[in-house]
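*Asks:* Handing you a structure now.
No lab work stands behind these numbers, since they all come straight from the coordinates. Owing to the predicted nature of the structure, the values given are computational and were not obtained by experimental measurement. Don't worry about glycine lacking a Cβ; one is built from the backbone with ideal geometry, like all the others, and counts go over all protein chains shown.
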Amino acid sequence: MVFRSKIKYVLNALAAALVVIAVVWISVLRLSVRFNFSFINDFSIRIWKGFALTVALSLGGFALSLFIGIFAALAQNGKILFIRFISLIYVNFIRGTPLIMQIYLFYYIIGTAWGVENRFISGILILSIFEGAYIAEIIRGGISGLEATQLEAAKAVGFSKRQTLSLIIIPQMIARTLPPLVGQFSSIIKDSSLLSMIAVIELTQTMREISAMNFRLFESYLFLGVLYLCLTLPLALVGKMLERHFSYEN
């Protein structure tokens, strides 16, 4: 039965992939597009630099957004009412407005007012502020998911606060938040493409400039999608593995 179910799974996956490929192929034929990817070799150095900058922006944005998210989540659960309201305003404003608006707001208004001119640093700050609000909700959800009975049991058996934190709270927080945090990192990689709006020469802006030079619009953006998939698909697989590993049902 297990072997049959695996065969059925593989066959259905192949059928779905063939349908998607067929739809794309028919669309290409209807447009009479002839793909030519020879430009990739000509612009390989520029493409690699854009790819590397996207990775650097994503890693820097994720590290800082994780710090912001943890602080914002703790602030929402804190006892100081003023700080709680500041955190609530931040989270609701960021989550309720599009990133493209925030890019223009933080770069051209706030960034200009405070003298932040470096586009790379501005990009990391913008990404981290935006993603930090979503990470704050992930962390806050993990905190609220902790059962009070477990903390009471730890206190009853004589655990110190340090032991309770290291043996109960942190392991459960890792199990609850690590898989969605991996997914959020994937979102940061994709969201970094919007930094091309302020002329950060990351991957999307690089491919946009190349397509303007060689007029290979379809090929440039198709290859762009492949490069992003090279970054996001492994993260999706890691996220699935972590979900299975930390699943309480298992």
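*Asks:* Let me know the number of lysine pairs in the chain closer than 28 Å at the Cα, not counting same-chain pairs under 8 apart. Don't skip to the end; give the middle numbers.
*Replies:* Details: LYS6/LYS240; LYS8/LYS240; LYS49/LYS190; LYS79/LYS155; LYS79/LYS161; LYS190/LYS240.
Close lysine pairs found across the chain: 6.
*Asks:* Continuing with this model, one more query. With just the Cα atoms defining each centre, how far is the range 221-250 from the range 8-46? Give it in Å.
*Replies:* Centre-to-centre (Cα) distance: 21 Å.
*Asks:* Still on this model: For semi-axes √(5λ) of the Cα gyration tensor in Å, the choices are [x] 34, 23, 16; [y] 43, 23, 14; [z] 39, 29, 14; which was calculated from the structure?
*Replies:* [z]
*Asks:* Please build a GNM for the chain, connecting alpha carbons under 10 Å apart, and tell me which residue among VAL28, VAL226, VAL238 fluctuates the most.
*Replies:* Per the Cα network of the chain with a 10 Å cutoff, VAL28 tops the list.
*Asks:* Name the residue, out of VAL116, VAL33, VAL157, whose mean-square fluctuation peaks in a Gaussian network model built on the chain with Cα pairs under 10 Å.
*Replies:* It is VAL157.
*Asks:* On to the next question. For the range 43-245, what is the relative contact order in percent, using Cα pairs closer than 8 Å and at least 6 residues apart in sequence? Kindly include the intermediate steps, with their values, before the conclusion.
*Replies:* Values: 204 pairs, mean separation 62.9, N = 203.
Relative contact order for the range 43-245 comes out at 31 percent.
*Asks:* At what distance in nm do the modelled label points of ALA15 and PHE218 sit from each other, each positioned 7 Å from its Cα along Cα→Cβ?
*Replies:* 3.0 nm
*Asks:* To continue, here is another question. In a Gaussian network model over the chain where Cα atoms closer than 10 Å are linked, find which of ILE198, ILE45, ILE21 has the largest mean-square fluctuation.
*Replies:* ILE21
*Asks:* Per residue of the range 86-97, in order, report the coupling 6.51 cos²θ - 1.76 cosθ + 1.60 (Karplus, θ = phi - 60°) as ³J(HN,Hα) in whole Hz, putting x for Gly and Pro.
*Replies:* Those phi angles translate into 4, 5, 5, 4, 4, 5, 5, 5, 5, 6, x, 10 Hz.
*Asks:* A further question follows. Would you mind checking the tilt of helix 119-144 against the longest principal axis of the Cα atoms of the chain, expressed as 0 to 90 degrees and rounded to 10?
*Replies:* 40 degrees
*Asks:* Once fully extended, how much extra length lies between ILE45 and LEU146, figured as 0.36 nm per residue of separation less the alpha-carbon to alpha-carbon distance?
*Replies:* On the way: separation 101, 0.36 × 101 = 36.36 nm, distance 4.89 nm.
Additional length available on full extension: 31.5 nm.
*Asks:* A further question on this structure: Where a ≥ b ≥ c are the square roots of the eigenvalues of the C-alpha gyration tensor, would you call the range 144-250 rounded, which needs a/c under 1.5, or, failing that, prolate if a/b is larger than b/c, or oblate? Each step should come with its number before you reach the end.
*Replies:* Details: a/c = 5.83, a/b = 3.12, b/c = 1.87.
Prolate, because a/c is 1.5 or more and a/b exceeds b/c.
*Asks:* Can you pull the one-decimal nm distance between simple spin-label points at ILE80 and PHE35, each 7 Å off the Cα toward Cβ?
*Replies:* 5.5 nm
*Asks:* I need the phi-derived Karplus couplings for the range 172-186: 6.51 cos²θ - 1.76 cosθ + 1.60, θ = phi - 60°, integer Hz, Gly and Pro marked x.
*Replies:* In residue order, the calculated couplings are 6, 5, 5, 5, 7, 9, 4, x, x, 5, 5, x, 5, 5, 4 Hz.
*Asks:* If each of TYR104 and VAL24 carries a label point 7 Å out from its Cα toward its Cβ, how far apart are those two points in nm?
*Replies:* The answer from the label model is 3.3 nm.
*Asks:* Okay, helix-only estimate at 222 nm for the chain: each DSSP H run of n ≥ 4 adds -39500 (n - 2.57), divide by all residues, round to 500 deg cm²/dmol; what do you get? If you can, show how the numbers build up before the last one.
*Replies:* Numbers: 11 runs with 191 residues, N = 250.
Taken over the chain, the calculation gives -25500 deg cm²/dmol.
*Asks:* Can you run phi through the Karplus equation (6.51, -1.76, 1.60; θ = phi - 60°) for the range 33-50 and list ³J(HN,Hα) in whole Hz, with x for Gly and Pro?
*Replies:* So the Karplus estimates, Gly and Pro as x, are 8, 10, 6, 9, 9, 5, 5, 4, 5, 5, 10, 4, 5, 5, 5, 5, 5, x Hz.
*Asks:* Quick one: Cα centre-to-centre distance for the range 64-82 and the range 132-205, in angstrom?
*Replies:* Their Cα centres are 12 Å away from one another.
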